[in-house]
Amino acid sequence: MNKKKACIESLAALESQEPPQKISRSGSPPMALSLTSSEEGDSFRRDQAHVLEERFNSTIATDQSPGGGSSTVSTVSPAIDSPLLQHRHSHINGSIFNERVQASVAKAFQSSSEYLDEVSGVKLSCEPFRHCVLPNFISKPEYVTDLESALLALPLRDKNNDLYKFSQSRDLNHSKSSTISTFRTICESVRNFLTDVTGIPLNSKIDLFCSQYKYTDVLLCHDDELEERRVAFIYYLVPESWSSVDGGALDLFDIDEHAQPRDVVKSIVPKRNNFLFFEVSSKSFHQVAEVLSEDKTRLSISGWFHGPPLARPQPYVDSLPPALPYGSIEEEIFYSWFNPLYLAPEVQSDIRHRFEQDSEIELTDFLQVEKYDELMLALQDSTVRWKLLGPANKRNYYVADKSDVPQIVAEYLRVIQSDAVFLVLSNLTGLKLHSLAPLSEGEEGAAAASNGNGESSKSNGDVSNPRYRSEVRKWEHGCYTLAHDTDSEAFDFALDSMLYIDCGKEWSFENGGYTSYIAKGEDDELLSVGPVGNSLALVYRDKDTMRFVKHLNHRVSKLPSPRFFEINTVYFE
C-alpha cells in the first residue's frame, strides 16, 4: 500500500499494554416489544397463561394506573408455597415463590399491566419495557453474607472499552465454590418461575458473572440483545447504606420514532438482596450509571437466561449532513490564525515525512496565541447555543449551532473550510486534498512508469472530490461516543482533524475524553489521542477503522475547567 495511504492499523505496534477487552453487542435499533417470539413460543405462552389463570387468586384487586393502563395490587396473605419450590429453594424468600404470586405476576406480565404485591413487595413495571423487582430475594441473611464473601474473593478482570469500564469474573458456572454453586442452583429454579411468568420457553443455558463497579466505573447504553439472550437479571449485593448519591443506578430508556434510545425515564437504585429481571428485546435499552462513591463497591451477580432467538429489525442508519467542497478565504485572515512555523516549507516537508510513516501527528501551539484566546473566550460565552446530540447508544455530547456562533468562531470555521487550508493539509500529510497538492513519491513513480499502455495515473490536477464535514463540540462529565456498525463515516478513507480548546496541557487519560481508534471487528486499540489545549491532532484512518471518544467520568468535575471544546473537521480526498 502507498505510504500516504498506510492503514492506521500500523500504529498497533506502538501500543505495548494489553488491549482493552471488548464485548459483542448489537448496534441495531429497537423495535416494538413483541409478546411472542415464534409459533412455538406463542403456543407455549397460551398454555402457560391458561394454567396460571386457573391458579389465580380471585381476591386480587385491579385499578386504573396513571396513564390509562391497568394496575394490580395484591393485599392478601401469602398462599402456601408449591411443595416443589419449597423443597428445592429453602434459601429463597417464600413469599415470592408461591403459586399465587407467580400467577399474579404472570397475568400482569402477559397483559403488560403494572403489578405490586404488598405482602412480598414484588413489583412488575411495564414502562419503558417490562421489568420486575423481587425484594429480599434470599431469606437467609447468613447465606447472603457468605455469598458476598465468596464473590469478593474471586479474581476479577478489568474490562475497559468504549462501552464500559468495570471489573468482572469469569463465568460462575465453572466456580468450585459451594456457595456460588448454590446460587447457580437457585437460578435454575428461578428459570422455572420466569418461564411461567414470561411465557418464554427458556432453555438450560444460564450465564452468570460477578461484577464490581467502583468509582467512575460505568456501563453505557445498550439493549443486551445477543444470540439467544431472552431474560436479563441482576442480583445486588451492595452495602445496606447504598443510595442514589452513590450512582450505579440501572437507567432505563424510552425510544424515539426510529426505535432508538431517547431519554432515561426510570432509574432503579441498587438495593442489597434485591433480584431484578427484564425481558431482553430490541426495546430494552438500559445502562449502569457511573458509580460516584469513592469508598463503596457496587457488587452484583448478573447474567442472562436463554431461549429461542428473536428476529432483529434492520439497524437504523443516521443521516449525516452533506460533506461540502472547500470555499475561499482572504489572505490576510488566513495568515492571522496559524503559527507561522507550520507554514514554513521545510517544516511542512518534515511533518509530511513523519505523517506518511505514522498516519498521525500532533501539532502543538497550532494557532497564534491571540486568536486561540479569543476563540476560547467566545466558546465559553453563555450565549452559545449547545444541543445535546444522541442517541445514547451511539453518542452523547454537545454541538453548537454553527449558524449562530460568535463572530470569531464563524471566522475560524471559514478558515479551516477554505481552499488555502486544504492545500496546507495536503502539504502536511501528502493527501490529495487540493488540485495544487504535490504528488507523493509513489504517485510520481507511477506517473513515470506510465508509457502509453492506456493505464495512466492521476495527473497533478486530477482530484476526485475534496470535501469536508465539521462540528463545534463541547465535552463535559457524562459525554462520550461509541463505536457502532452504522457509522457511515467509517466506510471511507478520511483525515480527522481535532483542534482542542480550554483543556490545558496536562490532560489525564484517567478522565476519559480521549479519542481511540480501533479496527472494525477487532479488540485491539490502535491509537489514542488525548486532548491538549491549542493542539491540532491529525489522524488518517483507513476504511472500516472505527473511533470513539471515551466517556468523561466524574474526575472531570473536579478540574479547574470541568469541560473542554473541540472543533472537529473530517476531510475527504
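The values are calculated or read from the model by the stated rules, or taken from the named source; none is laboratory data. Note that the coordinates shown come from a computational prediction; the quantities given were computed from them, not determined experimentally. Quick reminder, even Gly has a Cβ in these numbers, built from the backbone with ideal geometry, and neighbours come from all protein chains shown. Ligands, DNA and RNA are excluded from the accessible area calculation, which covers all protein heavy atoms including side chains. Shrake-Rupley method; radii C 1.70, N 1.55, O 1.52, S 1.80 Å.
For the stretch 311-323, check the following and say yes or no: at least one residue is open to solvent by less than 40 Å² (accessible area, probe 1.4 Å), at pLDDT 95 or above and of a type in the set (G, A, S). No; the residues of the stretch 311-323 include none that is open to solvent by less than 40 Å² (accessible area, probe 1.4 Å), at pLDDT 95 or above and of a type in the set (G, A, S).
For the stretch 285-294, the count of residues that are in a loop (DSSP other than H, G, I, E, B), farther than 15 Å from E127 by Cβ and open to solvent by 40 Å² or more (accessible area, probe 1.4 Å) is nonzero. With respect to the conditions (1) modelled with pLDDT under 95; (2) open to solvent by less than 40 Å² (accessible area, probe 1.4 Å), P128 lacks only one, and its number is (1). Every test in (1) in contact with a strand residue (DSSP E or B) (Cβ under 6 Å, 6 or more places away or on another chain); (2) modelled with pLDDT under 95 is passed by Y468 save one, and that test is (2). Among the residues of this structure, R298 counts as one that is more than 19 Å from T569 (Cβ to Cβ), charged (D, E, K, R) and surrounded by 15 or more Cβ atoms within 10 Å (Cβ to Cβ). Might you let me know whether the stretch 199-217 holds any residue that is basic (K, R) and either at pLDDT below 95 or under 28 Å from R547 (Cα atoms) (or both)? Yes, because at least one residue in the stretch 199-217 is basic (K, R) and either at pLDDT below 95 or under 28 Å from R547 (Cα atoms) (or both). Summed over the stretch 295-321, residues that are part of a loop (DSSP other than H, G, I, E, B) and either over 16 Å from D223 (Cβ atoms) or aromatic (F, W, Y) (or both) total 11. The combined condition, being more than 30 Å from K558 (Cβ to Cβ), without any contact (Cβ under 8 Å) to a residue 12 or more places away in the chain and under 26 Å from the mean Cα position of the chain (by Cα), is fulfilled by S319.
Taking the stretch 350-360 as the range and being open to solvent by 70 Å² or more (accessible area, probe 1.4 Å) and touching a residue at least 24 places away in the same chain (Cβ under 8 Å) as the test, only Q357 passes.
Looking at L363, L413, L428, which is the one that is touching a Leu at 6+ places or on another chain (Cβ under 6 Å), touching a residue at least 24 places away in the same chain (Cβ under 8 Å) and either open to solvent by less than 10 Å² (accessible area, probe 1.4 Å) or assigned to a helix (DSSP H, G or I) (or both)?
The conditions single out L363.
Of all residues in the stretch 534-567, those that are within 18 Å of T364 (Cα to Cα) and either surrounded by fewer than 20 Cβ atoms within 10 Å (Cβ to Cβ) or of a type in the set (D, E) (or both) total 1. Listed conditions (1) outside any strand (DSSP E or B); (2) surrounded by fewer than 21 Cβ atoms within 10 Å (Cβ to Cβ); (3) in contact (Cβ under 8 Å) with a residue 24 or more places away in the chain are all met by K176, apart from (3). Output the number of the condition that R385 fails; it satisfies all remaining conditions of (1) free of Cβ contacts under 8 Å to residues at least 60 places away in the same chain; (2) in contact with an Asp or Glu (Cβ under 7 Å, 6 or more places away or on another chain); (3) surrounded by 16 or more Cβ atoms within 10 Å (Cβ to Cβ). All conditions pass for R385, except number (3). Kindly evaluate Y514 against the criterion of being within 30 Å of D381 (Cβ to Cβ), touching a residue at least 24 places away in the same chain (Cβ under 8 Å) and among the hydroxyl-bearing types (S, T, Y). The answer is yes for Y514. Within the stretch 119-153, the set of residues being under 28 Å from the mean Cα position of the chain (by Cα) and farther than 20 Å from W304 by Cα comprises E127, L152. Any residue at all in the stretch 493-501 that's open to solvent by 10 Å² or more (accessible area, probe 1.4 Å) and either under 21 Å from the mean Cα position of the chain (by Cα) or over 28 Å from E356 (Cβ atoms) (or both)? Looking through the stretch 493-501, none of the residues is open to solvent by 10 Å² or more (accessible area, probe 1.4 Å) and either under 21 Å from the mean Cα position of the chain (by Cα) or over 28 Å from E356 (Cβ atoms) (or both). Taking the listed residues L151, L147, the one that is within 30 Å of D523 (Cα to Cα), open to solvent by less than 50 Å² (accessible area, probe 1.4 Å), touching a helix residue (DSSP H, G or I) at 6+ places or on another chain (Cβ under 8 Å) and modelled with pLDDT of 95 or more is L151, with no other qualifying. Looking across the stretch 239-259, the residues that are at pLDDT 95 or above, within 21 Å of P313 (Cβ to Cβ) and either among the aromatic types (F, W, Y) or open to solvent by less than 20 Å² (accessible area, probe 1.4 Å) (or both) come down to L252, F253.
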